[in-house]
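Read through the structure below, which is laid out as structure tokens, and then see the notes.
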Amino acid sequence: MAQSTPAFTIGVEEEYLLVDRSSLELAEAPEGLMEDCKAELEGQVSPEFLQCQIEIGSRVCADVGAAREDLKRLRSTVAKHAATYGLAPIAASCHPFAEWKKQHHTNKDRYNDLRRDLGGVVRRMLICGMHVHVGIDDPDTRVDIMNQMTYFLPHLLALSASSPFWQGEDTGLASYRLTVFDNLPRTGLPPQLASWSEYERSVNALVDLGLIEDSSKIWWDLRPSSRFPTIEARICDVSPRLETTLSLAAVIQSLARMLWRLKARNQRWRIYDNFLISENRWRAQRYGTGSGLIDFGKREVVDFADLIDELIELISEDAEALGCLTEVENTRTILTRGTSADRQRAVFNDSVQAEKTVEEALRDVARHLVEEFHADL
């Protein structure tokens, strides 16, 4: 019996850091701020692990156009209420100069449990990410598409890179966030799974031992959602610009449809060993879009501009069907304008050349991130 076409609905979750509008240092979210946001956004906003973080989640959206409207509303509402407390949100995966040792976790059962279970590793989690859900009802299809989409995770990471600085230093990486996140257990690239049943057996082995309560404690770069009938791409840094978020969501949605389309024709994307994909993941983490990725078929490193052209050609039919071809093609703009990591470094270097101190230059980077957050509202 032929399976019906998945809905390919999308949902986007973003984590933001809160800064003092004057000093640009991290600030804890006042209880009143969370109450104000919840009163207007209801279940679409929540605290995060650290008290200086806030998380939003879009509604289930039929297409990227609906996601744009909802995310713009969410970002605008958080910014509006934060301003009343002298604060501003930034959507970057690391704050340019904050120190993780000075941050405190949110007093909530889930986060208290994480602090207890993961010890000192979780204390360094001064990072923010962006997750994109794509609706696929059939569980085995979710696993099959997940296996194939893993190949493209480094491409997504490179485009999203927004965390070059950590505790006041340029790390030399485009996405330092992953070096922090990868210290947690059950992270990294997902394993290749034969079926939904195999996935459930693996999860239940840990649940039955009392090691985790459910699959929400599995934090792979790409996973079947623990709450929804979706695959959840978790590889991306959070993006300061809303349009970058939407381009990444459009690519993820279109990739899912493209891989499903191949499956419907008894075709599939070639599966490569995670050892090889991890090398591209590292290249994306280290260089962003600046140094290309390995094409394992050609056995050569391909310039990122060429990779983007190939990716757009590969998924253009699907993007057009989903109504997000413009957003997919806007990935070229990320290359010409530079990733957030590129732009942050440019601001820092310009400030240093203007004979500002390193501390002043880092504050200029934070100010730039506040301005970029507000630019699309």
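Only the coordinates and a few stated rules stand behind these numbers; no lab work does. In this text the structure is predicted, and so the values were computed from the model without any measurement. Positions of Cβ are generated from backbone atoms using ideal geometry, with glycine treated the same way; all protein chains shown enter the neighbour counts.
Once the Cβ-Cβ distance between Arg110 and Ser76 is put in as r, and R0 is 22 Å, what FRET efficiency do you end up with, to the nearest 0.05? Kindly include the intermediate steps, with their values, before the conclusion.
Values: r = 27 Å, r/R0 = 1.25.
Efficiency at R0 = 22 Å is approximately 0.20.
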What is the percent of Cα-Cα separations in segment 1-79 that go past 16 Å?
-> 56
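From Cα pairs below 8 angstrom and at least 6 apart in sequence, can you work out the relative contact order of segment 128-229, rounded to a whole percent? Working shown, then result.
Working: 85 pairs, mean separation 34.5, N = 102.
About 34 percent, as a whole number.
Out of segment 1-101, which GluC sites (Glu not before Pro) are coil in DSSP terms and have no more than 14 other C-beta atoms within 10 Å?
Working: sites: Glu13, Glu14, Glu15, Glu25, Glu28, Glu31, Glu35, Glu40, Glu42, Glu48, Glu55, Glu69, Glu99; in loops: Glu25, Glu28, Glu48, Glu99.
Passing sites in segment 1-101 are Glu99.
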Structure shown: which of Lys108/Lys217; Lys38/Lys102; Lys38/Lys80 lie over 22 Å apart, alpha-carbon to alpha-carbon?
-> Lys38/Lys102
Please report Rg over Rh for the chain, where both radii come from the alpha carbon positions and Rh follows the Kirkwood definition.
-> 0.95
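Just to be sure I understand: of the beta bridges DSSP finds with both ends in the chain, what percent are antiparallel, rounded to 5? Working shown, then result.
Values: 34 of 37 bridges.
Percentage antiparallel, nearest 5: 90.
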Determine the calculated [θ] at 222 nm for the chain from helices alone, applying -39500 (n - 2.57) to every DSSP H run no shorter than 4 residues and normalising by the residue count; nearest 500 deg cm²/dmol.
-> -15000 deg cm²/dmol
Would you list which lysines come within 28 Å of Lys263, measuring only between C-alpha atoms, while excluding same-chain residues fewer than 8 positions from it?
-> Lys298
Along segment 151-161, what does the Karplus equation 6.51 cos²θ - 1.76 cosθ + 1.60 (θ = phi - 60°) give for ³J(HN,Hα), rounded to whole Hz, x for Gly and Pro?
-> 4, 8, 4, x, 4, 5, 4, 4, 5, 8, 3
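So which trypsin sites (Lys or Arg not before Pro) in segment 322-369 end up in coil per DSSP with only 15 or fewer other C-beta atoms within 10 Å? Provide the component values of the computation, followed by the final result.
Numbers: sites: Arg332, Arg337, Arg343, Arg345, Lys356, Arg363, Arg367; in loops: Lys356.
The qualifying sites are Lys356.
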Karplus 3J(HN,Hα) series, Hz, for segment 349-365 with 6.51 cos²θ - 1.76 cosθ + 1.60 (x for Gly, Pro) = 5, 4, 5, 5, 5, 7, 6, 7, 6, 4, 4, 5, 5, 5, 5, 5, 5
Restricting to Cα pairs under 8 Å and 6 or more apart, the percent relative contact order of the chain works out to 21
Magnitude of the Cβ-charge dipole (Lys and Arg +1, Asp and Glu -1) of the chain about the Cα centre, nearest 20 debye, reported as 480
Pairwise centroid distance, computed over Cα atoms, of segment 335-377 with segment 78-103, Å | 15
Longest to shortest principal axis, alpha-carbon extents of segment 329-368, angstrom | 39, 17, 10
